[in-house]
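Before any comments, here is the structure.
The values are calculated or read from the model by the stated rules, or taken from the named source; none is laboratory data. Values in this document were obtained by computation on a predicted structure and should not be read as measured data. In this analysis, Cβ positions are derived from the backbone assuming ideal geometry, glycine residues included, and neighbour counts consider all displayed protein chains. We work out accessible area using only protein heavy atoms, side chains counted, and drop any ligands, DNA or RNA first. Shrake-Rupley method; radii C 1.70, N 1.55, O 1.52, S 1.80 Å.
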Amino acid sequence: ILLDDLQWIDPASLTFCRALFQSTKSNKNVFLVLCSRESEVQTQDKSEVHDWLQSLSGSTLETIHLTNLNPEDVNNLVSDSLRTWPRLTRSLSAILHGKSLGNPFFLRQTMEMLCRGGYLHYSLGERKWKWDLDEISDLRLDDNVVSLLTREMTKLPDELLVGLKAASCIGYCIPQTVVDILSKHLEMDLFGVLTSLVQRSYLAGVGSALYRFTHDRIYQAAYELMSEKQRREDHMKFGLAICSYVLDNCENNYDMMFVGVNQINRGGPEVLADSCRRVMISQLNLNAGKRALLLTDFSSALSFFGHGIMFLNPGHWDAHYQLSLDLFTSAAESACATSDAALVKSYSETILAHSRSLDDRLPALCFAVKSLKESMNLPSCRDCAIEVLTQLGEDVSSVLEIPSQETIQITNNLLMSKMTDDSMIKMSPCTQMRAVFVMRLYHELNYVYYVFDQTRLLAISLRMVSLTFEIGLTDTSSLAFANYGVELIARGYLIGSRLGTVALKLAENSKYISYVIAAVKQYNLWVIEPLHAIAESHLVGFYSGKRVGDEFSSSLNFCLHLSTSFHCGKNLIQIKNSLSEYIVQLLENSQQWFLPQSAMLYWLIVELIEGPNFDLTEHNPLILNENGVMLFAASARHLELDIFIDGCKLMRSFLFRRDMTSCDGVLDRVVNATCQLRPTMIIAVFFEGLISFVMARQTAENNEWAIKGEIALAYMKRWESSKWNFKNKINLLEAEKMHFLGNFDLASQFYLQAVESSEKHKFLHELAICLELQGLFFQVRNLREKALTSLNRSVRCYKDWGANAVAERVEQYIQHHLRGC
């Protein structure tokens, strides 16, 4: 796949390219070639493209810098073009290199210009090319290829010049339908004109339905033939002609509508004085923007709505209230989807200043609350949401009170006895718009309290479920069932899994699908689904969020995809590269909340690959170091984040057998927590259990360590029903317990079961751990050959996982303790 001229890429196409690269980089059957002009990509308005390309360089992409041709290369090209010996063209080539600086396209255009001017000509009599070096040397040429092309274009016949200018106004590609429309508008045979331009190599025909410029510099030169004023006027005339044709003949031809409205917008409101036409153009932009929203092209939608606002006449809030309200509300929605908090604030404040009722203000207020959440201004988000909910008649302080066990049981009984999955999915839709906004605001409030105070989450989700039963289904009912299901799972109610499944069905094809996937898969269905399937589901959630413009949930899903893939034993190098690109995007988009977890996982993986003594400060200075992660976690005071960070430390300590007594344990926090549970938290308990049993065998205070190991094992057994995800871990802890107690027969059986279960369920890294501990067990029992077999196999598994430093530690152990036996 060749993607050329990335310097011209628009935001929507850049999003597509990122997704394409992410989805194909592990596919060995796909080869991507990306081309761009580095000097133009480095400009301020293309900095996002430059940063993306920089994040790829050196990790998953090989960079090739193409420089201009040197004098020898120019001479070879000229010699080959003129079919003349290189020694005879060397003087000419030296002049041409000096004038073109070795730019291949500039060189080609210069030679064509010399041919047309007679400075370079073919002698039929002598059957060779001839030139006058003095004339060519004295000839004044333009400093760049665009100026050269522009000067040559001015020599074209008037009709061709008009056609070339018109084509450049439309863009790099000119559809046949546009040619037909402009032919009537310009009262000329534009088709014949463009055909002549094809013959002169300015344009190329693409099938029978499209023309395109043969080079972007030719397009640029043609466009610069006109003054800024002439360009604007032509854009406006052509846009009005195209839109008039669409409205009269093919109102549903949205592609043509986009072309026409874009032409009008490039003309700008300054070109149009007619107030009636300005209102019409505002309406056209509103229609085009809504269509772009349906296509999930949020950047284009925002542009259409912004231009629609620009074309509104003075006093538009009085003269055209509904059109103004629709444009500003839609613009706020698009700005929210593109994470432009400043624009959301600006549009929302304008709506609040001019709206005539609370109902008219509600959409803007919701977008403002959501924008505050996504920019992590959570205190303001909470206060604003509570204020609006109060205006809508909600007693928020009562809602936030922790519900009694009796209230929970009544709701659960209703769900179990009277509501089937089908009856929940087929409930009547809500017809009360205010109630719809109440549900949306409670959803935003749910995330705020997820960060600040998770004890309130059960109350919020219960209120949303109760509202759904009272008023019917809204677009956020799937979130209500998803969040309530997560809370029930955390408290041991397995009905939560059923609600998660219902939530996924309700969220299909909705704009909340990405969030529902993140909540249900990571905090709910891991009880019944393999972690490998959960990881892939998060990748689906990532793309779903991109599709519907939910950048926040999309980013959350990708973060969860990477961490879950890590705990599934996927290749460390691939995860590291993905994390590196992801963290760069987080920094670009100021999505601070996902940064500490991603950075902590990144550094853990780097150490597993390179070793614990590797100098991390020089490896990737852009990524938050461990001290920075700890400072963020201390300021956030978020239990789940703290457990994730300490879980990474426990895993590192165990795999490198160092600092095992100084790690902060997670056992008490996880076992006694009523917060939302994730698999990573249970896996952290697993590693603390392994450390406890290892230390129990090694220290005199073995009783204290053994008790911790027993508690970890007992907690792990709570999730014994999830055999795919946790059976191997439970077996390994049982084996370590029996090893400590001296019950070697049972220990041997449990080690074997742990190895078989890890292999069967494709946990490569845990297979390596099981084999290593099994090998150490065999060594203690003086079964040297079995110990060597298990430990050598463990090394291979660690290497296949990508943990070369851990494999090296085990190899050194084998060398020191078994090779010399």
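Here Glu766 fulfils each of the conditions (1) of a type outside the set (A, V, I, L, M); (2) open to solvent by 10 Å² or more (accessible area, probe 1.4 Å); (3) in contact with a Gly (Cβ under 9 Å, 6 or more places away or on another chain) apart from (2).
Being within 24 Å of Ala337 (Cβ to Cβ), open to solvent by 30 Å² or more (accessible area, probe 1.4 Å) and among the charged types (D, E, K, R) is true of Asp297. When segment 246-274 is examined, which residues are found to be hydrophobic (A, V, I, L, M, F, W, C) and over 20 Å from Ala209 (Cα atoms)? Of everything in segment 246-274, those that are hydrophobic (A, V, I, L, M, F, W, C) and over 20 Å from Ala209 (Cα atoms) turn out to be Leu247, Val261, Ile264, Val271, Leu272, Ala273. Within segment 408-427, being at pLDDT 80 or above, β-branched (Val, Ile, Thr) and in a helix (DSSP H, G or I) holds for one residue alone: Ile425.
When Arg434, Arg440 are checked against the criterion of being within 21 Å of Leu462 (Cβ to Cβ), in contact with a Cys (Cβ under 6 Å, 6 or more places away or on another chain), touching a residue at least 60 places away in the same chain (Cβ under 8 Å) and not aromatic (Phe, Trp, Tyr), Arg440 stands alone in meeting it. When Lys717, Lys737, Lys729 are checked against the criterion of being part of a helix (DSSP H, G or I), basic (Lys, Arg) and open to solvent by 60 Å² or more (accessible area, probe 1.4 Å), a single residue qualifies: Lys717.
Is it fair to say Ala353 is within 28 Å of the chain's Cα centre (by Cα) and at pLDDT 90 or above? No; evaluated as a whole, the condition is false for this residue. The sole residue among Asn524, Asn589, Asn571 that is more than 17 Å from the chain's Cα centre (by Cα), open to solvent by 30 Å² or more (accessible area, probe 1.4 Å) and either closer than 22 Å to Glu508 by Cβ or touching a residue at least 12 places away in the same chain (Cβ under 8 Å) (or both) is Asn571. Applying the set (1) part of a helix (DSSP H, G or I); (2) open to solvent by 20 Å² or more (accessible area, probe 1.4 Å) to Ile181 leaves exactly one unmet item: (2). Summed over segment 742-754, residues that are open to solvent by less than 50 Å² (accessible area, probe 1.4 Å) and either touching a residue at least 24 places away in the same chain (Cβ under 8 Å) or in contact with a Gly (Cβ under 6 Å, 6 or more places away or on another chain) (or both) total 4. Residue count for segment 21-47 satisfying the condition of being surrounded by 15 or more Cβ atoms within 10 Å (Cβ to Cβ) and either assigned to a helix (DSSP H, G or I) or modelled with pLDDT of 75 or more (or both): 8. Pairs linking a residue in segment 107-133 that is surrounded by 15 or more Cβ atoms within 10 Å (Cβ to Cβ) to a residue that is small (Gly, Ala, Ser), with Cβ atoms under 6 Å and 6 or more positions apart or on different chains, are Leu107/Ser100; Thr110/Ser100. If Lys155 meets every condition in (1) part of a helix (DSSP H, G or I); (2) modelled with pLDDT of 80 or more apart from one, which number is that one? (1) is the only condition that Lys155 fails. Screening Leu69 on (1) touching a Gly at 6+ places or on another chain (Cβ under 9 Å); (2) at pLDDT below 80 shows it passes everything except condition (2). Exactly one residue out of Ser428, Ser478 is among the polar types (S, T, N, Q) and crowded, with 24+ Cβ neighbours inside 10 Å: that is Ser478.
Of the candidates Ser537, Ser497, the single residue that is out of contact with any Cys (no Cβ under 9 Å at 6 or more places or on another chain) and more than 30 Å from Ile410 (Cβ to Cβ) is Ser537.
With a requirement of 1 or more residues that are among the small types (Gly, Ala, Ser) and in contact with a Phe, Trp or Tyr (Cβ under 7 Å, 6 or more places away or on another chain), the helices (runs of 4 or more DSSP H) lying completely within segment 428-523 that satisfy it span 457-471, 477-490, 495-507. If you go through segment 168-178 and pick out every residue that is assigned to a helix (DSSP H, G or I) and open to solvent by 10 Å² or more (accessible area, probe 1.4 Å), you end up with 3.
Checking the structure you have, find out if any residue of segment 505-512 is of a type in the set (A, V, I, L, M, F, W, C), within 24 Å of Arg440 (Cα to Cα) and modelled with pLDDT under 90. No, that holds for no residue. Entry remark, segment 307-322: residues being farther than 20 Å from Ala368 by Cβ, among the hydrophobic types (A, V, I, L, M, F, W, C) and in a helix (DSSP H, G or I) number 3 in total.
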